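Take a look at the structure below.
The values are calculated or read from the model by the stated rules, or taken from the named source; none is laboratory data. Just so it is clear, the model here is predicted, and its values are computed rather than measured. Using ideal geometry, Cβ is built from the backbone for each residue, glycine included, and neighbour counts are taken over all protein chains shown.
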Amino acid sequence: MKQTLKSINIMDKFSLFDETWTPKIIGELNNQYVKICKLKDQFVWHSHDNEDELFMVFKGTLLIDFRDGKKVEVNEGEILIIPKGVEHRPHTNGEIVLNLLFEPKSTLHTGNTDTKMTVKKLDWI
């Protein structure tokens with residue numbers, strides 16, 4: 001199968017949706033999805049039993065709480081990798097944060113926690 005190679009403008013992709021905490025798929029590589037997500041306010045406590053999680057902030061400041069009381073601030077142009085099994089809760093200071101994730105196709109964004117915020121079927125944009 002011949003594939004057309006084309007660059008992806010990530011900021012253009014962010015302009016195509018308004019939902020928060022609802023990842024959208026923009027690419028696929030090595031059995032992983034490249035996802036983008038708009039984040040605002042508070043998400044749920046969760047962990048991922050089988051995969052690490054990478055947050056890459058394009059715009060804004062992402063705050064992540066950990067059960068041991070630690071809080072990490074991830075600013076524009078920074079990444080944070082959370083090891084599998086570490087419970088965490090992402091949130092913002094009220095602003096919209098633009099975030100990119102690389103995750104195995106099977107990864108649920110709420111990890112091992114099933115809530116009304118869990119998106120079970122992701123959309124490609």
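Values for this structure:
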quantity: Residues of the stretch 72-121 satisfying the condition of being modelled with pLDDT under 90 and charged (D, E, K, R); calculated: Glu103, Lys105, Asp114, Lys116, Lys120, Lys121
quantity: Of residues in the stretch 6-20 being assigned to a helix (DSSP H, G or I) and either β-branched (Val, Ile, Thr) or free of Cβ contacts under 8 Å to residues at least 40 places away in the same chain (or both), the one surrounded by the fewest Cβ atoms within 10 Å (Cβ to Cβ); calculated: Asp12
quantity: Tally, over the stretch 38-54, of residues that are part of a strand (DSSP E or B) and under 13 Å from Thr92 (Cα atoms); calculated: 3
quantity: Residue match in the stretch 61-70 (condition: acidic (Asp, Glu) and part of a strand (DSSP E or B)); calculated: yes
quantity: Criterion: exposed (fewer than 14 other Cβ atoms within 10 Å of the Cβ) and among the β-branched types (Val, Ile, Thr) - qualifying residue of Ile81, Ile36, Ile96, Ile64; calculated: Ile81
